[in-house]
Amino acid sequence: MTVQELTPGFSDPVRDAAVSFRCLLNAMSRPGLVRALPVQPDCPAPFNAGATVIALSLLDADTTVWVADSLASPVVTAHIAFHTGAKPVATVGDAAFVFAPIAELPELLPQLSIGTPEYPDRAATLIALVDGFGGAEERRLSGPGIDGNTEMAPIGLNAAGWDVLAMNAGLFPLGVDTFFAGPSSVAALPRSTRISPNAA
Amino acid sequence: MQEEQNYNFAYLDEQTKRMIRRALLKALAVPGYQVPFAGREMPMPYGWGTGGIQVTAAILEPEDTLKVIDQGADDTTNAVSIRKFFQKVAGVETTEKTEEASIIQTRHRIPERDLEEGQIMVYQVPIPEPLRFLEPRETETRKMHALEEYGLMHVKLYEDIARHGHIATTYAYPVKVADRYIMDPSPIPKFDNPKLDNSPALQLFGAGREKRIYALPPYTPVKSLDFEDHPFETQTWDEPCALCGATDSYLDEVIMDDKGTRMFVCSDTDYCTTRREAGHVGPDAQAVGEAAE
């Protein structure tokens, strides 16, 4: 790895982090609503822009991170180490932030930290990389942050994945919070959101 | 006002902002639960809104328009100094108009005008733990929240009824969020409690001294605690606002002289001013105008 191979971070770190976080805050406060990314940073392959923006705006030396083998290219590892300083952990259950492709969600999510009854905030945040939204498996969402109900269908999230997420929601107030990170947009699915079969 | 170049944008360093931002995301995922955060010392004393200021600093972006109110007023010391602080360290636009603001930092009131989707309320919170005056130990209150053991709070409200004949709590009236956590809505009058429920705005709470952050996502059910035979009620007044004639707003009592003369006026100064500009006149508007001349 040479300096030339390292992908740059935010071009305007303070401002880009501020607008990126507002996008993530808006996403988490309105589950299922797809938010366009306000910035398009250079991405270390195979990270997409959504994953890159989340890593750059939320990770630092105070956080632990685990990246799925299928994503952990030298350039991604170097990117996270250089720009954020987040501590990589070997066991996924120890990580505060977990990056994985959507296909690995069904197997991975049950292994993640769900917090403790006294400290439910110590649960992991899963960042699932998707190609976008408007996939085949749609589910109806309701709960805090949703006016009535709404539909969501991240591309690549299969029925098994939805089942695992519904089980996770059943653990509330414990449970994992998920960001679906796309190439130009993000959406969130906190543990507080109830998932039911689409009426259609 | 020109942004002060010697400070990072919005005063806090980036690592502190990230720490607060992570806490905010977890607070949103578990509505009403108090997330501990590493609150920093701010260039003003505890009790002046250091929690709210840290939350505002962490969410602020350069395009924001900030409104700050203290007891409903834009022109009181606390509101003016916080507004000037962010003008200086973030260079953001400020406003006194509720409808123009993207972020409203508040001490003890929610504006009368309906909030809109996309707006963010930031509450300054002195004591975030609703059970604190019933149980002083943090280890115990934490366990009570974990077990959803809230009987003590109902006993407290019941004792109010036994002693006074009604629930005498008038501010910081406890609420239950999304049928799970009991939450202190900060010392807003209970008049404002119904505005918390199913609000289209995002509501964030910061307690600087106690180092806690909690949140209400938009469209979250928020229920004020009560009993079937003693339902929750808000304050009412027999008279309208003396200046603008409003009958639907929270009124402050103002002492006019040393002979006991008093008047009731809107606590939300923007609401009162907007109404008067639109031609609404209260019963005492004339007298106050003459007294000022």
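Just so you know, all these numbers are worked out from the coordinates, no wet-lab data involved. Keep in mind that what you see is a predicted model, and the values were worked out from it rather than measured. Reconstructed Cβ throughout: ideal geometry from the backbone, glycine too, with neighbour counts over all protein chains shown.
Of note:
- Each of B:Leu251, B:Gly279, B:Thr269 was placed along the dipole of the range B:236-282 (beta-carbon charges, centred on the mean Cα), and the one lying farthest toward the positive end is B:Gly279.
- Selection among B:Phe232, B:Gln105, B:Ile69 by position relative to the dipole of chain B gives B:Gln105 as farthest towards the positive end (Cβ unit charges, Cα centre).
- When +1 charges are put on Lys and Arg Cβ atoms and -1 charges on Asp and Glu Cβ atoms, the dipole computed for the range B:13-146 relative to its Cα centre reaches about 660 debye.
- Over the residues of chain B, the helix contribution to mean residue ellipticity at 222 nm works out to -8500 deg cm²/dmol, using -39500 (n - 2.57) for each DSSP H run of at least 4.
- In order along the range B:94-106, phi translates into HN-Hα couplings of 10, 8, 9, 8, 4, 6, 8, 7, 8, 10, 10, 8, 9 Hz, rounded to whole numbers, per the Karplus curve 6.51 cos²θ - 1.76 cosθ + 1.60 with θ = phi - 60° and x for Gly and Pro.
- Where labels lie 7 Å past Cα in the beta-carbon direction, separation of A:Ile155 and B:Phe227 in nm: 5.9
- Under 5 Å between amide hydrogens, built in the peptide plane, is the criterion, and for B:Thr94 it picks out B:Leu66 among residues at least 5 positions away or on other chains.
- Using a Förster distance of 41 Å, the FRET efficiency for B:Thr236-B:Glu138 (Cβ separation, nearest 0.05): 0.65
- 0 to 90° range, to nearest 10: angle between helix A:74-83 axis and chain A longest Cα axis: 80
- Translational diffusion of the range A:58-123 was estimated from the Stokes-Einstein equation, with Rh taken as the Kirkwood radius over Cα pairs; at 37 °C and 0.692 mPa s the coefficient is 263 µm²/s.
- Inter-chain neighbour count for A:54-62: the average number of beta-carbon atoms from partner chains within 10 Å of each residue's beta-carbon is 3.
- Considering only B:Arg18, B:Arg40, B:Arg262, the mean-square fluctuation computed in a Gaussian network model of chain B, springs between alpha carbons under 10 angstrom, is largest for B:Arg262.
- Neighbouring Cβ atoms from other chains, within 10 Å of the Cβ of residues in A:144-152, number 4 on average.
- Using the Cβ-Cβ distance between B:His164 and A:Asp147 with R0 set to 30 Å, the FRET efficiency works out to roughly 0.20.
- Karplus-derived 3J(HN,Hα), 6.51/-1.76/1.60, for each residue of the range A:157-170, Hz, glycine and proline x: 8, 8, 4, 4, x, 4, 4, 5, 5, 5, 5, 4, 5, x
- Whole-number percent relative contact order across chain A, with pairs defined as alpha carbons under 8 Å at least 6 apart: 24
- The dipole here belongs to chain A: it is taken about the Cα centre, uses +1 on the Cβ of Lys and Arg and -1 on the Cβ of Asp and Glu, and is about 420 debye.
- Membrane-span-like helices in chain B, defined purely by DSSP H runs whose alpha carbon atoms cover 15 Å or more axially and whose average Kyte-Doolittle hydropathy reaches -0.5, are B:14-29, B:77-90, B:151-164.
- Simple Cβ-charge dipole of the range B:134-293, Lys/Arg +1 and Asp/Glu -1, about Cα centre, in debye nearest 20: 760
- Less than 5 angstrom separates the built amide H of B:Arg212 from those of B:Phe37, B:Ala207, all sequence-distant by 5 or more or on a different chain.
- Shown in residue order for the range B:107-117 are the 3J(HN,Hα) couplings computed by the Karplus curve 6.51 cos²θ - 1.76 cosθ + 1.60 at θ = phi - 60°: 10, 6, 8, 10, x, 5, 5, 4, 6, 10, 4 Hz (x for Gly and Pro).
- Simple spin-label estimate for A:Leu6 and B:Thr77 in nanometres, 7 Å along Cα-Cβ: 5.0
- Relative contact order computed over chain B (Cα-Cα under 8 Å; 6+ residues apart), in percent: 20
- Nearest-0.05 FRET efficiency for B:Lys84 and B:Val281, computed from C-beta distance (R0 25 Å): 0.15
- Rounded to the nearest 10 degrees, the inclination of helix A:13-29 to the longest alpha-carbon principal axis of chain A is 10 degrees.
- Each of B:Thr50, A:Thr7 was scored by other Cβ atoms within 10 Å of its Cβ. Arranged with the fewest first, they read A:Thr7, B:Thr50.
- Summing Lys and Arg as +1 and Asp and Glu as -1 over all other residues whose Cβ lies under 12 Å from the Cβ of B:Gly245 gives a net charge of -1.
- Adding -39500 (n - 2.57) for every DSSP H run of four residues or longer, then dividing by how many residues chain A holds, sets the calculated 222 nm ellipticity at -7500 deg cm²/dmol.
- Amide hydrogen neighbours beyond the local backbone of B:Tyr171, cut-off 5 Å, H modeled: B:Lys190
- Among B:Glu253, B:Glu129, B:Glu233, residue whose mean-square fluctuation peaks in a GNM of chain B (springs only between Cα atoms under 10 Å): B:Glu253
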